[in-house]
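Take a look at the structure set out below.
Every number in this text was worked out from the coordinates using simple rules, so none of it is lab data. In this text the structure is predicted, and so the values were computed from the model without any measurement. Here the Cβ positions follow ideal geometry from the backbone for every residue, glycine too, while neighbour counts run over all protein chains shown.
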Amino acid sequence: MSILPESVTERFIFNSNSAFSNLPEPIKEEFLSQMIVKQFKKGQNIFTEGTYPAGIYFIKKGKVKKYKSLNGGREQIIYVCSEGELLGYAAFLSEEWYPDSAASLTDTLVGFLSRDKLLRLLDQYDELSKMLMKNLSHEFGVLVNVIATITQKTVRERVALTLLILQEKFKDNLNGENEVEIVLTRADFANIVGTAVATLVRLMHDFKEEEVIRTEGRKIVILNKIRLLEIADVADIF
């Protein structure tokens, strides 16, 4: 059985954007109309680990990283969120402190829906409650896949798999040749993979030599997805 890159990445992608888009139009319109839109500069925190949620967030434009702070000031990036995705609703629904932080990877527009407004909408629309619970269950499954798969792989395999996932997350970021450009600092990329920047740079150099990727500054373009899939060695998850 041949494995397609898209079949792999869907196991590591939250689907809150597609689930939200499938809501009835009147519910979506009211949900969005109740939001206060905030602008965040690149690198600015949206919420911080250990604080209590006052509502939930919806990414209207840009990319956001969810991360845990580690000893020594390092970060472990758990997930990269993009347009149409919800943030912070798991902590809101469980009435617990945020277990992680969220910060903008790019200049970002984020809608904020306050606790009172969200509770009113949840009482009014069963479809909205079902959507959030379905998303929560799906995200749990995604995180199980991440833990079971990523932690068992070599750094080289993790870099290859992360590149495939990031291409899906940045699929709307096209250059003049209609190629997807992944735009990340090497520090953020290393924090997603869970390795040192020097190790990441060396592996990226190897991938360039193998003509699997092309880079220009922070921009990364994948040239050979099938070869990345082979390097990632993901047959064990199917």
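Answer with one residue from LEU113, TYR52, VAL221: the one whose Cα lies farthest towards the positive end of the charge dipole of the chain, charges on Cβ with Lys, Arg +1 and Asp, Glu -1.
TYR52
Mean residue ellipticity at 222 nm from the helices of the chain, using -39,500 (n - 2.57) per DSSP H segment of n ≥ 4 over the full residue count, to the nearest 500 deg cm²/dmol? Before the final figure, lay out the partial values.
Values: 10 runs with 105 residues, N = 238.
The per-residue figure over the chain is -13000 deg cm²/dmol.
Pulled fully out, how much extra length does the chain show between VAL144 and ASP233, if you take 0.36 nm times their separation in residues and subtract their Cα-Cα distance?
On the way: separation 89, 0.36 × 89 = 32.04 nm, distance 1.78 nm.
Value of the extension gain: 30.3 nm.
Measuring from centroid to centroid over Cα atoms, what is the spacing of the range 71-111 and the range 16-40 in Å?
Rounded to whole Å, the Cα centres lie 18 Å apart.
Considering only HIS138, LEU203, GLY88, whose Cα is most displaced toward the positive end of the charge dipole of the chain, charges sitting on Cβ of Lys, Arg (+1) and Asp, Glu (-1)?
LEU203
Taking R0 as 41 Å, what FRET efficiency do you get between MET133 and ASN71 from their Cβ-Cβ distance, rounded to the nearest 0.05? Can you show the working numbers first?
Values: r = 34 Å, r/R0 = 0.84.
Computed FRET efficiency for MET133 and ASN71 comes out at 0.75.
Give me the number: length gained by fully extending LYS42 to VAL201, i.e. 0.36 nm times residue separation minus the C-alpha to C-alpha distance, one decimal in nm.
Details: separation 159, 0.36 × 159 = 57.24 nm, distance 2.25 nm.
So the chain would gain 55.0 nm between LYS42 and VAL201.
Could you give the nm distance between label points at LEU121 and TYR52, where each point is 7 Å from its Cα heading toward the beta carbon?
In this crude spin-label approximation the distance works out to 2.2 nm.
Taking the Cα centre of the chain as origin, sum charge times position over the Cβ atoms of Lys and Arg (+1) and Asp and Glu (-1), and report the length of that vector in debye to the nearest 20. Can you show the working numbers first?
Numbers: 30 positive and 33 negative charges, 133 e Å.
Value, rounded to 20: 640 debye.
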